[in-house]
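To keep things clear, I will list the structure first and then write my remarks on it.
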């Protein structure tokens, strides 16, 4: 955690604010499990929760960080309702790339209204604009050819 979080958190906050999103309170929970997402969801009713968890000591990349994510988590959610961005460390996914991936995933969750196995990242009905505002194909909004090609890559 100490190696990745100081670089990742400011990137997440800055990019979220640039997208016009509201960022809630940062919580620190020692010795938590992934299911804490459900409790946070029940207590605070956020749209998307991002939980950063450091790897257990003794693993190949002990300085690695994972981001578990859920859309409107609640007590009925299981691992099937969560998404994961993993291997955030110096020899894996950089904090900059991780922040981009986390925020794009949060954007897709918000647009689709779901997370976990229900989220279809390649859904042709979902697009992402250059500034990060999520739209559906049915909405009328100008998008550049770069926006469309980025959406098709995902």
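Every read-out reported here was derived from the displayed coordinates using simple, explicitly stated rules and does not represent laboratory data. Please read these numbers as outputs of a predicted model, since none were measured by experiment. Here Cβ is always computed from backbone atoms with ideal geometry, including for glycine, and neighbour counts include all displayed protein chains.
Could you tell me the calculated FRET efficiency between residue 32 and residue 120, based on Cβ-Cβ distance and R0 = 22 angstrom, to the nearest 0.05?
Details: r = 29 Å, r/R0 = 1.32.
Using R0 = 22 Å, I get an efficiency of 0.15.
Ranked from highest to lowest mean number of other Cβ atoms within 10 Å per residue, what is the order of the peptides 98-108, 16-26, 40-50? Intermediate results must be reported in sequence, preceding the final value.
Working: 98-108: 21.0, 16-26: 12.2, 40-50: 16.8.
Peptide ranking by packing, descending: 98-108, 40-50, 16-26.
Show me the three semi-axes of the equivalent ellipsoid for the stretch 5-119, from the C-alpha gyration tensor (sqrt of 5 times each eigenvalue), largest first, rounded to whole Å. Working shown, then result.
Numbers: eigenvalues 87, 61, 36 Å².
Taking √(5λ) for each Cα gyration eigenvalue gives 21, 17, 13 Å.
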